[in-house]
Structures are given as structure tokens and as C-alpha cells.
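Working notes, beginning with the structure itself.
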Amino acid sequence: MGIELLIFKSILVLVVFTITLTIAAYSTYGERKIAAFLQDRIGPNRAGPFGIFQPVADGGKMFLKEEIIPADASAFLFVLGPSLAMLTALMTGVVIPWGDTLTLNGVEYSLQITDLNIGVLYIFGVVSFGVYGIMIGGWSSNNKFSLLGAIRASAQMISYELAMGLSIVALIMTTGTLSIKEIVDQQATWHWNILYQPLGFLIFMICAFAECNRAPFDLAECETELVGGYHTEYSSMKLGFYLFAEYINMFISSALMASLYFGGYNFPFMNSLGLDQNMVTILGTVVFFGKVFFFIFFFMWIRWTIPRFRYDQLMRLGWQSLIPLAILNILLTGIFTMREELKNWLFN
Amino acid sequence: MVEYIFYALSVICIACALLVVFSKNPIHSVLYLILAFFAIAGHYVLLNAQFLAVVHIIVYAGAIMVLFLFVIMLLNLNAETEPHKNMLTKIMATVSGGLLLVTLVGSFRAAGQVEMVNLDNSNIGTIENLGKVLFNDFLLPFEISSVLFLSAMIGAVILGKKQLS
């Protein structure tokens, strides 16, 4: 690996890290503004013009609050919980292609931190590991409500991981690769995967809502039944990490939906504009972030539109509707990909 | 470089495996076991088998150990409520464990020194090659093991149904 590539990749890592945190911070502001818009209110408007510095004020408040570790809690695990939640939330960004290639001084650089040939599985592995942050935090608080909240949250995440994995299997069958970069490249000129996998996308999106513990699946933090959920005992920035990780997860799943199903950085007529490659790449990245912001808005829109499920409804939806539907989707995809062979076998 | 990583991973793996046995709190045991699984996944990556590594993480660390943690948390096992076995059980456990160790050592000695093989194809562990090998050379064992999984799943569903009624 050349030293220039190393420098470029290091800068890219820092940029992705900063952008992720900034977007997560401003998602909290966006959420409150969108909630206000949907409920015909004004929303935060005190810190700066239109309340634009609200996330900074919230972050400062989180840092300055008193930090409490309960006497009966196991201190190491109590700190490990939110750290793991944050770590797993930030780890997925490395395999997402944020843009095509840039050519600087005659050398091509890819705007993806690393192109793993098992990219989709890597994301799945990190997501499945994300449960531990919640479980460890809830258990180490040594509080019944925290434990119940943690068990609720993790049971929900495990259940919806299955359907999510099955919906991705159908996508992999049509694309024939596990590298996210290749999946995005295949979608150039309107071959968006949403057109081939509409049912798969629907299942994936519902599961993404459940994995992020977002409404209508936010049973993990049901105030009326659980006081606060798995983070009842948390205060200060440790609580902030849990809430922040949720917004980062939302951003990353929006980026995943955009790149797996909605063409990623591809946009219509990108090769007939007559621009040079660098310009197209930059435009593509802008378009990609536009798609991501749309999905983040969609997450918030749903949150303020649909009420929360009951827990048995949640489990029934996951196990009895989504998983059979995902398996049906795999079957249909298989029949569709092998249609020529099937025709020959049936009629000859 | 690779050798140093190998030794570091091995030390982590063995230390965690020992801590699984020696730690008093069952939750800590499970967490050490997860760390040990990660070290083994690191070994797979060193052997250029990224697919195996990531599947190892998904299946063991992501699914099976979560269920372990679940059960232990729900049963609320900890040092105070741990049942104390009597002396006879402890002696029997030690003897049977020692016998297992003797059997293992004996079988490893009989197997002799394993020759290091340099593979022609360094991409042998990638998902494409693994899939081709599984579906060409080992199709029957692969399908039979999937039937085994299916029967285990059906068994679990039937056991779960029985409890309801």
C-alpha cells in the first residue's frame, strides 16, 4: 500500500467519522423540527437562529450532568455497555461506498474505506453484535426495569435480524455478489434493486426500523411500563451514547437502504452529462446523501404517524408474517432467476 | 508480522478460555467466551478465510451467545445462588475431566506431527471458492447436514408447542 493511499484512507476515515457524528447530532434537531411540523408546533427555536445550535446545547448539557454509577452495578460492564453500543454503531460505515472513484494526480482513489468481498455479511455480523451493548448495559445496572427493558430490546432485535438476513439473501441471489461496491455498480442506469426486489425491500425496511428500536417498534423504551427501558439507570453522556448510537444506526441503515436498493451514488443520466469523472463522483456523493436524508426523514415521518405496537403484536409480525414472507421472496427470486432452465425442464 | 498477530491472538484466546472456566460470575464467563470466539475469528482471517470468520462471528457471537446470555440473565444465576455440590460430585467431575484430557492427549500423540502444506491457491477461503467446493465435491454431506438442521428446527418447534398446551 502506497503512502498516498494510506493518507487518503486516513483522511476518508476521519471525514466519514465526522460526517456520521454531525448527521447523528443534527438528526436529533431534525426529528424535533419534523415532529413540530407534523404536530403544527414550532419546535426548538431558542438556541441560535431557528434553534440551529440546539444539538450543541444538548450535547453540552449531557457532558455537564452528574455522572452516576449505581452502587450495586458492576462498574466495568456498566461503562462497557454504552461504549459497545457506540462502537458497533460506528463500525458499519467502513464498507458503505460513499461515492465512486476520484482521480487525483493521475491516481484513482475509491470513496469507500474498504471494499470487503463479504461486505454485506460484515454489516450483518456487526449488527448482530450490536445486541450486546444493550444487554450488558441493562444487566449491569442491577435494576429490574433495566433488565426487562434489555431483554425486550434484545429479543426484538434477534427476531428481526432473522427476517432481515432472509430478505438480504434474496438480494444476493439477484446480484450474485456480497461486495456492496459491486452491488451499487450493478445498479447504474436505472437497474435499481428496488425494481427487482420490492418485497425484499419492504421486509428489509421494516426490519431496519425494528433493529434501530425506532417507532413503531420502540418498545425497548416504553415509559409507561418500564420507567425508561434498558437505560433507566444511565445518566450524563453514557445515556447520551445510547441515544446517539440510535441516531447513528438510523443514519447507517438509511445509507444501506440507499446503496443496496436505491442505486447508491448512481443518478439518472450520469454518463450523458459530459462532465469529467471527478465531477460525476462528487455529484454522485451529493445525490447519495440526498437519498440518505430522504430515508432519515422517512424514519421520522413514520415515528410521528404510526402508534407503538403491543409486544405480542410485534413478535407475531416478526415471526409469523415477515419470516414466511421473506422465505416466499427467496423462493420467487429463485424461480425467477432459473426461469429459462425451468422452462426447458418442464416443456422438453 | 503475521506471526506476531498469530501469537497475540493465541494468547488472547487461551487466556479468555481459561477465564471462562475460572470466573465466578456466569455472565463474565459468557463474555470471556465471546472474546475467545473473536480471537478464533481473527485466526480465520489470518488463514485468508474471511467468510468463515464472519459467519463464525454471526453464528456464535451474534446468535448462540446472545441466547446463552439471555438464559443466564433470566435465571439470574450469580455467585450467591450457585448451588454447592458435595465432595463426591467434585471428585467425580475431576476424575472424568482428567480422563478426557488423557484421551485427548493420547489421540493427538497418535496422530503424529501434521505437515504444513502450502496451498497453491491463496484465495481458497473466499466465498466463491468455498461455495464451489461445497456444491461440487461435498454436495451430499452438505445436504445431509442441512437435513440435520431442519430436523433440529422441527424438534425445537414441537417442543415449544408442547409447553403451550
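The values are calculated or read from the model by the stated rules, or taken from the named source; none is laboratory data. Keep in mind the model is a prediction, meaning the values are calculated, not measured. We place every Cβ from the backbone using ideal geometry, glycine too, and count neighbours over all the protein chains shown. Protein only, heavy atoms only, side chains kept; ligands, DNA and RNA dropped before computing areas. Shrake-Rupley method; radii C 1.70, N 1.55, O 1.52, S 1.80 Å.
Rg of the Cα atoms in the range B:1-78, relative to 2.2 N^0.38 Å, amounts to 1.19.
Excluding ligands, DNA and RNA, the accessible surface per residue across the protein assembly as shown is 57 Å² with a 1.4 Å probe. Placing R0 at 45 angstrom, the Cβ-Cβ distance between A:GLU182 and A:THR305 gives a FRET efficiency of 0.80 after rounding to 0.05.
In the frame of its principal axes, the protein assembly as shown has Cα extents of 78, 66, 58 Å, reported largest first. The loop-placed chymotrypsin sites (Phe, Trp or Tyr not before Pro) in the range A:169-237, going by DSSP, that have at most 16 neighbouring Cβ atoms within 10 Å of their Cβ come out as A:TRP190.
One Cα centroid belongs to the range A:40-62, the other to the range A:125-153; the line between them spans 30 Å.
Exposed loop sites here are trypsin sites (Lys or Arg not before Pro) assigned a DSSP state other than H, G, I, E or B and surrounded by at most 15 other beta carbons within 10 Å; excluding them, the longest clear run of chain A is A:66-307.
For the range A:68-347, what's the relative contact order in percent, using C-alpha pairs closer than 8 Å and at least 6 residues apart? Result for the range A:68-347 is 26 percent. A straight Cα-to-Cα reach below 23 Å connects A:LYS291 with the lysines A:LYS33, A:LYS181, residues fewer than 8 places away in its own chain not being considered. For the pair the range A:158-186 / the range A:309-336, the C-alpha centres are spaced 16 Å from each other.
Here r is the Cβ-Cβ distance between A:VAL107 and B:VAL59 and R0 is 35 Å; the resulting FRET efficiency, rounded to 0.05, is 0.30. In this label model, B:ALA17 and A:LEU331 are separated by 4.3 nm, measuring between points 7 Å along each Cα→Cβ vector.
Find the percent of Cα-Cα distances in the range A:68-347 that exceed 26 Å, and round it to a whole number. The proportion of pairs with Cα distances above 26 Å equals 48 percent. Given a 1.4 Å probe and every protein chain left where it sits, what share in percent of the accessible area of the range A:68-347 is carbon and sulfur? On the range A:68-347, the fraction of accessible area on carbon and sulfur atoms equals 70 percent.
Given the -39500 (n - 2.57) contribution per DSSP H run of 4+ residues, what per-residue ellipticity at 222 nm results for chain A, rounded to the nearest 500 deg cm²/dmol?
That comes out to -21500 deg cm²/dmol.
Springs between Cα atoms under 10 Å define the GNM used for chain A, and in it the highest mean-square fluctuation of A:ILE203, A:ILE180, A:ILE68 occurs at A:ILE68. The modelled label-to-label distance between B:LEU134 and A:MET315, using points 7 Å beyond Cα along the C-beta direction, is 3.1 nm. Spacing of the modelled spin labels on A:SER272 and B:VAL2, each 7 Å from Cα toward Cβ, amounts to 5.0 nm.
Only lysines eight or more places from B:LYS85 in sequence, or on another chain, were considered; those with a Cα closer than 20 Å are B:LYS24. Rolling a 1.4 Å probe over the protein heavy atoms of the range B:1-66, with every protein chain left in place, gives an accessible area that is 79 percent carbon and sulfur. One decimal place: the segment B:VAL105-B:MET92 gains 2.7 nm when fully extended, by the rule 0.36 nm per residue minus the C-alpha distance. Excluding ligands, DNA and RNA and using a 1.4 Å probe, chains A and B jointly bury around 1800 Å² of accessible surface, summed across both partners.
How far is the Cα center of the range A:199-252 from the Cα center of the range A:77-92, in Å? If we compute the Cα centre of each part, the gap is 14 Å. The trypsin sites (Lys or Arg not before Pro) of the range B:6-106 meeting both criteria, a DSSP state outside H, G, I, E and B (loop) and at most 16 other C-beta atoms within 10 angstrom of the site's C-beta, are B:LYS24, B:LYS85. Taking GluC sites (Glu not before Pro) across the range A:185-261, none is in a DSSP loop with at most 10 further Cβ atoms lying within 10 angstrom of its Cβ. Computed over the range A:161-225, the Cα gyration tensor eigenvalues convert (square root of 5λ each) into semi-axes of 30, 11, 10 Å, ordered from largest to smallest.
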